Amino acid sequence: MGELPPEIDTTTPSVARVYDAILGGTDNFAVDRAVAAQSVQAMGDGGNGARLNRAMLGRAVRFMAADGISQFLDLGSGLPTAQNTHQIARAVNPAARVVYVDNDPSVSLHGRALVTDDPATAVVLADVTAPGTVLDSPEVAGLIDFSQPVGLICNAVIHHMLDEEDPYGAMTAYKDAVVPGSYLQVTHFCDAAPEAAASVRVLRENLGRGQIRGRAEIERFFDGWELIEPGLVFLSQWRPDEPLTPPLDVGSLLMLAGVARKP
Ligand SMILES: C[S@@+](CC[C@H](N)C(=O)[O-])C[C@H]1O[C@@H](n2cnc3c(N)ncnc32)[C@H](O)[C@@H]1O
């Protein structure tokens with residue numbers, strides 16, 4: 001990582017860097033790789049769930065961009081990897097604008113380096129559970145036009161918010177801030193597979209984060225919006241690029257995925 005600013009703590013694992021390690025990235029430290037190894041063992045999927053989760057992000061962003069969404073708020077965006085939201089969206093609409101939000105300083109450090117010469121992309125260091133701070137940030141004000149539909153992306157982030165942090169209240173604030181025709185995309189660890197519970201236990205023990213939720217609890221994040229076909233489904237079942245061959249592997253069963261439209 002070269003010269004590190006003091007806010008980057010290399011002695012405590014972080015959610016973003018553990019996930020980066022599972023994806024085979026290089027923006028992580030030994031403490032992160034140790035938790036990643038435990039987590040992959042608990043998931044029993046060789047890290048496939050993380051790859052399927054990224055693939056789902058790609059399909060959802062392409063879908064939204066093809067449906068005319070030209071601005072995205074990517075909440076809990078994670079460390080930059082091979083294909084990030086702005087690159088995925090711009091393959092469909094070269095004018096797409098993206099604001100990335102994450103509370104991990106490693107993400108803002110690497111994210112800002114990636115988009116430094118890109119006036120249509122910004123990175124905000126903020127907590128998603130503080131929607132006022134996010135929505136009032138200069139980066140959001142500069143890039144997101146709230147009179148036009150917005151693509152809200154919550155890919156594998158809400159399950160890092162504990163119930164006591166009121167994730168439902170936060171999501172309602174984001175949903176209220178956008179106009180009809182906007183979309184919300186969510187992937188979330190669900191209780192269908194015991195491997196998901198085991199993996200969330202690893203996260204909770206090592207990172208103090210991680211909350212598994214059932215189908216009904218996950219569906220509540222979309223309340224008032226219309227889930228588009230095929231509804232809330234396992235990761236690889238959401239509009240797959242290729243026909244799926246059953247059975248689904250465990251990586252796919254770890255999370256539910258859905259996209260809804262504001263009526
Ligand atoms: C598992 S990663 C997912 C990254 C990316 N969205 C993806 O799906 O590839 C979760 C990300 O959410 C971020 N995160 C977790 N809780 C957050 C919060 N309360 N506010 C902002 N970011 C958060 C973590 O720092 C991490 O980068």
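The values are calculated or read from the model by the stated rules, or taken from the named source; none is laboratory data. What you see is a predicted model, and the numbers here were worked out from it, not measured in a lab. Neighbour counts are summed over all protein chains in view; Cβ atoms, including those assigned to glycine, are modelled from backbone coordinates with ideal geometry.
Based on this model, can you work out whether Asp145 counts as more than 13 Å from the ligand (Cβ to nearest atom) and at pLDDT 95 or above? Criteria met by Asp145.
The criterion of at least 2 residues that are in contact with a strand residue (DSSP E or B) (Cβ under 7 Å, 6 or more places away or on another chain), crowded, with 19+ Cβ neighbours inside 10 Å and touching a residue at least 12 places away in the same chain (Cβ under 8 Å) is met by the following helices (runs of 4 or more DSSP H) wholly inside segment 154-220: 167-177, 194-207. For segment 21-46, the candidate set comprises residues that are within 12 Å of the ligand (Cβ to nearest atom) and under 18 Å from Ser236 (Cβ atoms); within that set, the residue that is surrounded by the most Cβ atoms within 10 Å (Cβ to Cβ) is Ile22. Flag not set for His110, criterion: under 14 Å from the mean Cα position of the chain (by Cα) and not in a strand (DSSP E or B).
Listed here are the residues, each with its yes/no results for (1) closer than 24 Å to His159 by Cβ; (2) surrounded by fewer than 23 Cβ atoms within 10 Å (Cβ to Cβ); (3) of a type in the set (Lys, Arg).
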position: Met56; (1), (2), (3): yes, no, no
position: Phe63; (1), (2), (3): yes, yes, no
position: Ala66; (1), (2), (3): no, yes, no
position: Phe72; (1), (2), (3): yes, no, no
position: Ser77; (1), (2), (3): yes, no, no
position: Gln83; (1), (2), (3): yes, yes, no
position: Ala95; (1), (2), (3): no, yes, no
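Note on segment 109-136: among residues that are surrounded by 22 or more Cβ atoms within 10 Å (Cβ to Cβ) and among the small types (Gly, Ala, Ser), the one that is modelled with the lowest pLDDT is Gly111. Kindly evaluate Ala156 against the criterion of being within 14 Å of the ligand (Cβ to nearest atom) and more than 24 Å from Ser252 (Cα to Cα). No: the conditions fail for Ala156.
Which of the residues spanning segment 55-85 are more than 13 Å from the ligand (Cβ to nearest atom) and more than 24 Å from Ser236 (Cβ to Cβ)? Residues satisfying the conditions are Gly68, Ser70, Gln71.
Residue-wise test of (1) touching a residue at least 12 places away in the same chain (Cβ under 8 Å); (2) among the aliphatic types (A, V, I, L, M); (3) more than 12 Å from the ligand (Cβ to nearest atom).
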{"position": "Asn93", "(1), (2), (3)": "yes, no, yes"}
{"position": "His110", "(1), (2), (3)": "yes, no, no"}
{"position": "Thr121", "(1), (2), (3)": "yes, no, yes"}
{"position": "Val124", "(1), (2), (3)": "yes, yes, no"}
{"position": "Ala130", "(1), (2), (3)": "yes, yes, no"}
{"position": "Thr133", "(1), (2), (3)": "no, no, no"}
{"position": "Asp136", "(1), (2), (3)": "no, no, yes"}
